[in-house]
Amino acid sequence: MSANAFVLYKEVPKKCISVFLRSYTGYNMAKNNTIMVVLYVTLLFLTLPRHIVMQLEPTGLPPELQFCFEDAKNRTDLTRTPGEQIFWSCVQRFTYKITPHKERTINFNTETFLKGLLDPSLEPLLKGFRVKRQAGVRVRKEIRMLTDSERNDFFRAVNMLKNDKSLEPNVYDNFTDFHLMNIPRSHFGPAFVAWHRVYLYMFETLLRTKVPGVTLPYWASALDREMHDPTQSVLWADEFLGNGFGEPITGPFSNWTKINPIQYFERQIGASGELFSYDGLQRVLSKQRNEQILQPSAPFGDSLEDQHGAVHQWIGGSMRNLVSAPHDPVFFLHHAFVDLIWESFRIRQFQSNLDPTRDYPWDRNNGRLPSEHAPESDMGFSFVRVSNIQGFGTGFSNLVQYDPIPSCTALRPWCGSRFLRCDTNTTRPRCVSRAISDVPGLTNYINILSGMGRPDREMCSIPETDRPAHNNFAINGVVDVNNWVYIPIRIISKRPSSFRRFNYLKSSGQQSATSIPELNQAVYKDCKIEDTVAGKIKVVSIGLNYIGQHEEFAIVDNRQEIALSSITIAVRKPEYQQTETLVSAFDKCGRVCRPFYSRTDKGDDEPFSGAILLTLSRTVHYQNSAFESIKNAWTVGSDDACPVFNIKSPYITFYCDYGDIWPWKIYKNDSGVSKMSIPTRFQNVENQVNLDEMGQLAVLKERKDVLSTVQIDTAKANTEDSSTSYVQTLAAPDKPNPCNNLYSTSSEDMALCKKQIQETLQIKT
């Protein structure tokens, strides 16, 4: 047995034996050291093979994740929406469902405390659907338009909430839990805008209990979008929000790691995603109905929620995950801007003689609308009942107003703030954020390489390829680098056809050695595709049965028509249970690369979804450290010999060809639907229904376990009758379809749906 194998297993027997003894004895024998030693040695030799190492193999995507990708494929494609945006949209929907403690409850003390503080301000909103304009309207300004005193008051109020121990662990962190607990109510449907409107109002009210009169500013990220390098915006100066890379060590929140070491925030600005654009705003404001701008009816990528999600990705770190996003105060500034956009949309509805209070996009027979988003459904604030439709009322509009987004003209080239400049070099002059280095007196001594520089060096713009990935190595909220293992990844990249600068063969009159497709994948609108020598391919691993992610990037040589690079990516170590992970890769513009798996039995690479299963086996596929993983990819002979690259060592290869082939599909092999693409628990239905039906059946099983007792009769499931779509059969016009809403929380609907599925597919229980 290898040393690594012993290290891997040395802690397992202790835990297993302790559980065994506690389960089969009436008293705690685990404290008896003699018994522990005997059972430890016995279990070690009886259960371990002679050479325990670790194995990696492809697996299927979880049903709900697969269904989301299929749904996205029906609504868009890679030529219209950046693949990375599609990826994160579906991943966000899925990761919440495996988040520990997402069903936590608010205790009585919290309810009493928040009810006492917030009830007086909420009362005028809840008395009636329409509310007259109130005195003392709150006016929210763009953060760069605040005076120094106003800005400091806001930061002071936020810090006072963070330091207030009236609730556990503090008022700020306690309040952010409401977002965690209500993600299904606050996202992926028409209530998105209303829920966050109420949430912002409550947060602003809490701020005003600390600093009377303070208001929540908004961050118009469109002002930063126009910069050459938005990461250099004054927003990330010490006087504003502090450093944009890593944990907070400068700015107004620099001490948050000490206030609550378990829950603070991290950032990695500019690594992916995109900021709001004036073009994107116009796509929203040019519409007339809420169904045209809200999920799920709005075009994929164009909805207000999709555009807002791209900003979450641009900020990165904690903001990239819906579960942890409110930990960063920039969350509230960002959502205040989203609320401003929606309010501008509603004002235009009024001007067009449309009543925004009645324009709630809801159809109970639309299975893509989550039941939590029904008009009368409760928003989930335990201390006060607010329905989704109340968030569409006029009450908030009459209590909160927004100053317009700063603007300028050729005749008036002034934006009203020293932190903004008027760009008159465009067809239509616009206000643009200044860089930190452009404003005298601003300080920012954060080293954007996150620890690799001198603290007295001012922040300066550096190449994108020089910015490292930032990882916290947390699994289910616990940080421990020893809980991760490393997989070698190979990157094969075709030079984009638009990179004329390096096309040597064509310039010399020779035929190109390879057939390079035209650049047809969609990119982020603000991505600057330049003929740079070094290209950047980002690889990310997302836990499918654990909360954790890791990110790294490879550098490819754009001078070469086909370039090869390799890196290692970390995933959870499968010590006590197998690890399921989704690995994906993108270029800096959001274009997705296709994953392939090396099949040693066939000697070639096969496409797959990127989902992998890590278990303990006799074959080494990954290592305990990045160094070991790299070493394993090379054969090193004597000291004077040249290392040889093991071409089959990286079992995962990403091919970045910029084509529009959809990567997240169920792949087939010679025997039909590949078992690598369907999780074992669903393989008994693989030949019974088509992909859409299987996805819906799987969603129902995953969400409510309504089919947990159903055993499928394979013989009958493969008959001609069973090929009939049960979705169509259930959707009879003479009766409501309880299976319409795949995300229903109604136990009655689930029971009826289960019964009808059984009848339609002739399933025996």
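Packing-wise, with mean Cβ within 10 Å as the measure, how do 218-231, 166-179, 468-481 rank, highest first?
Numbers: 218-231: 21.9, 166-179: 18.9, 468-481: 14.4.
Highest mean packing first, the order is 218-231, 166-179, 468-481.
Annotation for the stretch 331-384: trypsin sites (Lys or Arg not before Pro) lying in DSSP loop with at most 15 further Cβ atoms inside 10 Å of their Cβ are Arg358, Arg364.
Using only the Cα atoms of the stretch 320-404, build the gyration tensor, take square roots of its eigenvalues as a ≥ b ≥ c, and label the shape rounded, prolate or oblate: rounded if a/c is under 1.5, else prolate if a/b is larger than b/c, else oblate. Taking the square roots of the gyration eigenvalues as a ≥ b ≥ c, the stretch 320-404 is oblate. Subtracting the Cα-Cα distance of Ile661 and Gln578 from 0.36 nm times their residue separation leaves 26.9 nm of extension gain. With the Cα gyration tensor of the stretch 359-438 giving a ≥ b ≥ c as the square roots of its eigenvalues, does the rule (a/c under 1.5 for rounded; else a/b larger than b/c for prolate; else oblate) give rounded, prolate or oblate? Judged from the Cα gyration tensor, the stretch 359-438 comes out prolate (a/c at least 1.5, a/b above b/c).
Do any of Lys162/Lys573; Lys73/Lys538; Lys573/Lys665; Lys538/Lys631 go past 30 Å between their Cα atoms, and which? Going by Cα-Cα distance, Lys162/Lys573 fall outside the 30 Å limit.
Laboratory data are not the source of any read-out in this text; all were calculated from the coordinates shown. What you are looking at is a predicted structure, and each value in this text was computed from that prediction instead of being measured. Heads up, the Cβs are rebuilt from the backbone with ideal geometry, glycines too, and the neighbour counts pull from every protein chain shown.
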